[in-house]
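Report on one structure; see the data block that follows.
The values are calculated or read from the model by the stated rules, or taken from the named source; none is laboratory data. Predicted, not measured: the structure shown is a model, and the values here were computed from it. Positions of Cβ are generated from backbone atoms using ideal geometry, with glycine treated the same way; all protein chains shown enter the neighbour counts. Just so you know, the surface numbers come from the protein's heavy atoms only, side chains and all, with ligands and any DNA or RNA stripped out. Shrake-Rupley method; radii C 1.70, N 1.55, O 1.52, S 1.80 Å.
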Amino acid sequence: MNIRTRNIIAACMLSLAVSSHASYIWWEGEDAVTNNFPRRSGFSPMNEAERAVLSEGAWLSIDGTRAEPAFAEYTVAVPAAGTYDLWVRKFWKHGPFRWRFGKGEWREVGRDVALADSVTLRPLVGANWVRCGAVKLDAGTQVFRIELTENTGAACFDCFILSPVPFTPRGKLKPDEKYGQAPEGWFTFEPGRDTFENAVLDLRGLNEREAGSQGAVFRRGDQFVFEKTGAPVAFWGVTACQNVWMMDKDDVDYLARRLAKMGVNMVRLHTSPFDESTPGPVTRKIHYLVSALKKQGIYVGINWYCLACVHVKPAWDLPELPNGYQPMSALFCYPRLQERYKAWARALFASTNEYTGMTLATDPAVAFIELIDEDNYFFWTFAPKQFPEPVRAALETQFGDWLAKRYGSIQKAKEYWGPGPAPEGAKDDPASGRMTLYPASIMTGADWAVASRNARRMRDQVEFLVASQRGFFAMMRDWLRKDLGYRSCVVPTNWKTADERVLGPLDKYTYLAGDATARNCYFSGPFKEQNGAFGFGPGDAYADRSVLNAPESAIMLEMQYADYPHVATEGGWAMPNRYRSEGPLVMAAYGALQGTDGFCPFVVEHDWVNTLPMW
């Protein structure tokens, strides 16, 4: 089947499944027989709207610092002996705890857990389902006890469930409940967990028996092709965050099978800086996800260094950088961070996957590795004046070295530049080889920016930054190949610039050190936002918008560059927007017209989501 046609068919497909609900046991967090939680806390629901989010309108909550561990005990009636899955609905990753039934072994639920769904009570406070694990229980009354493992901070418990069959979280609904709501003229869409039986349409057969069976994914001109056959391949994918690979193995297996049924042949793994210098629990979780997807004929792309939501941590062993610093642009120029980055890469890509017997670097099911997510020298975040001194010194020294090599000395470069505005607060020091750089805002084509710079100095700065950024991408491409044996494609980055007219082509030129270009691009209606970029609340306003009425938007404009494959590594129709269902069809159609080689919309969830998170 033509690969473009396949993607359009997959975009059109909706599969329905019906599942039965075996006997489950459900109890409320606030109904403890005994506990030392306060009657109310700062996280107790404050109004009817917040109570409506919670099961039975309340939850057990605590905040602040306490002298002893908080605990709660419950009496649970188990109707039949068997193995049950225990789930808890709680406040995000706050409140790590341990649990047990009777005198059984203590089990822990830490902070590093997978959140199966999310419903917001108020800004920055929500209720999330977390799977605690399987437990064997005898019939009869059981004493269930939880104890917080930290004596400070917030913890909230809404409800618990023991289920003998796989449980699909849907807010405060019990397994045999449905919302049953739809606007007038619409029907409800609330499918149960997919059993994969008697499917009207199952696209699993479009995928290979096992991803990688045709060899690694290479670049040939503006296409991805398979190593062994030379056949072209395009990727119809999704992006998965840490919540996906931190799930238990059977949930990972279920999701992999479900994605294959829906026609997906690519999952892009998206994480903040992967910071295990030696293989640890996160490495093993990622390894298992890759192996599960591979069995369903699904390839992976791995984005393992995203700075949008993370900052320097003590575990990075970079004491010269402030704890909490967000190192935008630093990876391109700061050698100490590059060393740490390579150590993380070696742990993730060069350690043997116990489930496949090979490393991720040598596994042909890994179609591409992204070097860095949403970062470059040319976006608004490039502001050297605000860099920590070690990073600023490294960048300014490299600029000085580049100028000396080009002109014979820094002084000769300054003579060539002549008079004109220097960077604000410039501390040029030719004697020590350091030269100050303008921020990204002054690199744009705006009239005020042009008037705020020395034209010749700016041309040299931009040329230096282009060489530095492209040089980093080339260095890492070669390092992955020579040191780790990686053979598939390298995607340098996927970001935008402060002025696409002036800086966009230069940024894309640096990508050509890799094997494909990429872009993260979203579509939404206009909105007035009061509660930040990750959610809407009372007082916010938005308008529905169809991309068919706004064809100039980013989804349409992104296409191939310079005879290279192009991937939309993130994107989608941000919510709320009543036209979001057009997204897959439009992406597939325009992808076919423009020759786009992959779409990985953000973000896939555990199963059907009945709430409307923004992404």
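Restricting the stretch 244-268 to residues that are more than 22 Å from Val200 (Cβ to Cβ) and not in a helix (DSSP H, G or I) leaves a set whose member that is most open to solvent (accessible area, probe 1.4 Å) is Asp248. Just wondering, is there one or more residues in the stretch 357-366 that are assigned to a loop (DSSP other than H, G, I, E, B), free of Cβ contacts under 8 Å to residues at least 12 places away in the same chain and surrounded by fewer than 23 Cβ atoms within 10 Å (Cβ to Cβ)? There is at least one residue in the stretch 357-366 that is assigned to a loop (DSSP other than H, G, I, E, B), free of Cβ contacts under 8 Å to residues at least 12 places away in the same chain and surrounded by fewer than 23 Cβ atoms within 10 Å (Cβ to Cβ). Across the stretch 296-322, the qualifying residues are those that are buried (at least 19 other Cβ atoms within 10 Å of the Cβ) and over 15 Å from the mean Cα position of the chain (by Cα), and the one among them that is farthest from Asp363 (Cα to Cα) is Leu321.
Filter the stretch 26-69 down to residues that are in contact with a Ser or Thr (Cβ under 8 Å, 6 or more places away or on another chain) and among the β-branched types (Val, Ile, Thr) and give me whichever is nearest to Val135 (Cα to Cα). This residue is Val33.
Only one of the numbered conditions (1) at pLDDT 95 or above; (2) part of a loop (DSSP other than H, G, I, E, B) is not met by Phe464, and that is (2).
The single condition among (1) at pLDDT below 95; (2) in a helix (DSSP H, G or I) that Gln469 does not satisfy is (1).
Residues checked against (1) assigned to a loop (DSSP other than H, G, I, E, B); (2) touching a residue at least 60 places away in the same chain (Cβ under 8 Å); (3) more than 27 Å from the chain's Cα centre (by Cα):
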{"position": "Trp87", "(1), (2), (3)": "no, yes, no"}
{"position": "Lys93", "(1), (2), (3)": "yes, no, no"}
{"position": "Val113", "(1), (2), (3)": "yes, yes, no"}
{"position": "Thr120", "(1), (2), (3)": "no, yes, no"}
{"position": "Val135", "(1), (2), (3)": "no, no, yes"}
{"position": "Cys156", "(1), (2), (3)": "no, yes, no"}
{"position": "Cys159", "(1), (2), (3)": "no, yes, yes"}
{"position": "Asp176", "(1), (2), (3)": "yes, yes, yes"}
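Do we find that Ile369 is hydrophobic (A, V, I, L, M, F, W, C), over 23 Å from Val502 (Cβ atoms) and in contact with a strand residue (DSSP E or B) (Cβ under 7 Å, 6 or more places away or on another chain) in this structure? Yes; evaluated as a whole, the condition is true for this residue. The set of residues in the stretch 382-393 that are surrounded by fewer than 19 Cβ atoms within 10 Å (Cβ to Cβ) and touching a residue at least 40 places away in the same chain (Cβ under 8 Å) comprises Ala383, Lys385, Pro388, Pro390, Ala393. Checking each residue in the stretch 27-59 for being hydrophobic (A, V, I, L, M, F, W, C), under 24 Å from Thr168 (Cβ atoms) and open to solvent by less than 40 Å² (accessible area, probe 1.4 Å) picks out Trp27, Val53, Leu54, Ala58, Trp59. Looking only at residues of the stretch 489-511 that are more than 30 Å from Asp447 (Cα to Cα) and aliphatic (A, V, I, L, M), we find that the one that is nearest to the chain's Cα centre (by Cα) is Val491. Among the residues of the stretch 536-576, those identified as open to solvent by 50 Å² or more (accessible area, probe 1.4 Å), assigned to a loop (DSSP other than H, G, I, E, B) and either modelled with pLDDT under 90 or touching a Lys or Arg at 6+ places or on another chain (Cβ under 8 Å) (or both) are Phe536, Pro538, Gly539, Asp544, Pro551, Glu552, Met559, Gln560, Tyr561, Ala562. Applying the condition of being out of contact with any Ser or Thr (no Cβ under 7 Å at 6 or more places or on another chain) and either open to solvent by 30 Å² or more (accessible area, probe 1.4 Å) or of a type in the set (Asp, Glu) (or both) to the stretch 119-139 and asking which residue is modelled with the lowest pLDDT yields Pro123.
So that you can scan it fast, the table gives a plain yes or no per residue for (1) open to solvent by less than 60 Å² (accessible area, probe 1.4 Å); (2) within 30 Å of Thr120 (Cα to Cα):
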position	(1), (2)
Gly180	yes, yes
Phe187	no, yes
Glu190	yes, yes
Asp194	yes, yes
Glu197	no, no
Glu210	no, no
Ala216	yes, no
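The residues of the stretch 213-243 that are touching a Ser or Thr at 6+ places or on another chain (Cβ under 9 Å), assigned to a loop (DSSP other than H, G, I, E, B) and at pLDDT 95 or above, listed by number, are Gln214, Gly215, Ala216, Glu227, Lys228, Ala234.
Please tell me if Ala260 is within 30 Å of Arg193 (Cβ to Cβ) and not basic (Lys, Arg). Yes; evaluated as a whole, the condition is true for this residue.
Just to be sure, is Ala393 at pLDDT below 95 and either of a type in the set (A, V, I, L, M, F, W, C) or within 30 Å of Cys309 (Cβ to Cβ) (or both)? Against the criterion (at pLDDT below 95 and either of a type in the set (A, V, I, L, M, F, W, C) or within 30 Å of Cys309 (Cβ to Cβ) (or both)), Ala393 does not qualify.
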